[in-house]
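Asker: Encoded as structure tokens, here's the structure I'll be asking about.
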Amino acid sequence: MERKVVFSGMRPTGRLQLGNLLGALDNWVKLQDEYRCYFCVVDWHALTTAYDDTRSLPENIFEMVTDWLSAGLNPERNVIFRQSDVKAHAELHLLFSMFTPISWLERCPTYKDQIEQLREKNLATYGFLGYPLLQAADILAYRATAVPVGEDQVPHIEMTREVARRFNHLYRQPVFPEPATILNRVKLLPGIDGRKMSKSYGNVIEMSESPEVIRRKVNMMITDPGRIRKNDPGNPDVCTVFSFHGVFGAGGVEELAEVCRRGQIGCVECKKRLAEDLIACLEPVYARRQQLVGKKDYIREILAEGARRAERDSAETMEMVRGAMNLII
Ligand code: SF4
């Protein structure tokens with residue numbers, strides 16, 4: 001029977017925002033019906049850029065896994081675990097590093113981009129250069145057949161396929177499949193001030209905000225700056241509120257654009273409608289999070305059980321790898 005195995009990971013950055021829900025988690029929730037899924041908190045990856053301050057790591061992990069469960073991931077049907085609990089990832093990374101040309105890593109577009117973007121950090125490190133290879137090890141430790149990723153990560157999956165091919169060719173055994181890419185449907189949402197949504201700008205809407213906070217944040221959203229009075233014609237194309245209506249609105253976006261252009265709806269009313277639609281969309285997520293707040297022991301148990309299952313499954317792969325490389329005597 002065809003193996004259908006998905007691996008995907010997320011760096012622990014704390015509570016997740018709406019973009020994470022729409023860009024990745026919604027997709028993960030669908031995949032859990034069709035694939036055996038490994039969802040991994042990639043804490044070693046977090047160290048590649050934040051090695052100098054790790055204090056928030058444990059709390060960020062609890063918050064992120066709580067959000068995963070709030071989004072609807074089922075810990076019984078999926079393997080939910082922390083990368084650093086399963087040492088096969090490190091061993092496989094090391095073994096892959098023996099035959100991976102440095103040029104494969106240097107040509108990854110994210111390498112130069114991130115060094116440029118994170119200029120204040122010293123990223124001229126071995127760990128940072130090698131993180132796409134660690135990612136390849138994460139995926140191939142479970143011989144995953146598919147990986148859901150955003151557009152920016154596609155080159156990394158292509159490199160993972162190259163690593164799998166090279167291994168199979170060098171050691172003449174078909175240990176690894178070449179995983180396919182499942183592109184996450186990305187809905188780019190601006191922050192409430194109209195700039196890119198980012199924690200560093202303080203303009204984020206988290207995926208599990210309370211109804212009160214949603215109302216307050218929607219109320220603060222930037223609208224068409226050219227619109228002074230309630231019945232001035234508006235321009236929805238430059239309005240943050242309208243971008244959100246397009247994603248979360250209960251319907252009638254075209255009509256809304258029309259009445260906005262004719263000045264027949266005020267921004268206050270338009271924001272009220274958005275807030276209520278957004279609250280309705282996020283209600284199941286919020287309700288699940290309320291059940292999980294403060295349940296750190298429960299999250300710990302899920303991660304421990306996930307680690308046990310990941311350990312067992314990756315051990316099978318490592319046996320095949322060690323055998324193929326003549327590391328068993
Ligand atoms: S009416 Fe709505 S879409 Fe139009 S400018 Fe105001 S908030 Fe934006």
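The values are calculated or read from the model by the stated rules, or taken from the named source; none is laboratory data. Predicted model, so just to flag it, every value in this text is computed and none were measured. Here Cβ is always computed from backbone atoms with ideal geometry, including for glycine, and neighbour counts include all displayed protein chains.
Asker: Evaluate the following for Gly246: is it closer than 30 Å to Val154 by Cα, in a loop (DSSP other than H, G, I, E, B) and either over 27 Å from the mean Cα position of the chain (by Cα) or not hydrophobic (A, V, I, L, M, F, W, C) (or both)? Walk me through it before giving the result.
Answerer: Numbers: closer than 30 Å to Val154 by Cα: yes; in a loop (DSSP other than H, G, I, E, B): no; either over 27 Å from the mean Cα position of the chain (by Cα) or not hydrophobic (A, V, I, L, M, F, W, C) (or both): yes.
So Gly246 does not fit the description; no.
Asker: Working only within the range 212-238, note down all residues that are within 11 Å of the ligand (Cβ to nearest atom), surrounded by fewer than 16 Cβ atoms within 10 Å (Cβ to Cβ) and acidic (Asp, Glu).
Answerer: Asp232, Asp237
Asker: Next question, about the same structure. Among the residues of the range 17-53, which ones are crowded, with 18+ Cβ neighbours inside 10 Å and among the basic types (Lys, Arg)?
Answerer: Of everything in the range 17-53, just one residue is crowded, with 18+ Cβ neighbours inside 10 Å and among the basic types (Lys, Arg), namely Arg36.
Asker: Search the range 202-211 for residues being surrounded by fewer than 18 Cβ atoms within 10 Å (Cβ to Cβ) and in a loop (DSSP other than H, G, I, E, B), and hand back the single one that is modelled with the lowest pLDDT. Let's see the steps before the verdict.
Answerer: In the first step, residues of the range 202-211 are kept if they are surrounded by fewer than 18 Cβ atoms within 10 Å (Cβ to Cβ); the result is 202, 210-211.
Of the ones still in play, those that are also in a loop (DSSP other than H, G, I, E, B) are 202, 210.
Values: Gly202: 91, Ser210: 95.
So the residue we want is Gly202.
Asker: Just the residues that are more than 8 Å from the ligand (Cβ to nearest atom), among the hydrophobic types (A, V, I, L, M, F, W, C) and free of Cβ contacts under 8 Å to residues at least 40 places away in the same chain, please, taken from the range 239-285.
Answerer: Matches in the range 239-285: Phe248, Ala250, Val253, Val268, Ala280, Cys281.
Here's the yes/no breakdown for (1) β-branched (Val, Ile, Thr); (2) at pLDDT below 95; (3) part of a loop (DSSP other than H, G, I, E, B):
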residue	(1), (2), (3)
Gly194	no, yes, yes
Ser200	no, yes, no
Val213	yes, no, no
Arg216	no, no, no
Asn219	no, no, no
Thr223	yes, no, yes
Gly226	no, yes, yes
Arg229	no, yes, yes
Cys260	no, no, no
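Asker: Looking at Ala141, Ala164, Ala137, which one is over 30 Å from Phe248 (Cα atoms), modelled with pLDDT of 95 or more and under 19 Å from the mean Cα position of the chain (by Cα)? Give the steps one after another, and end with the answer.
Answerer: Working: Ala141 fails: under 19 Å from the mean Cα position of the chain (by Cα); Ala164 fails: under 19 Å from the mean Cα position of the chain (by Cα).
Result of the check over Ala141, Ala164, Ala137: Ala137.
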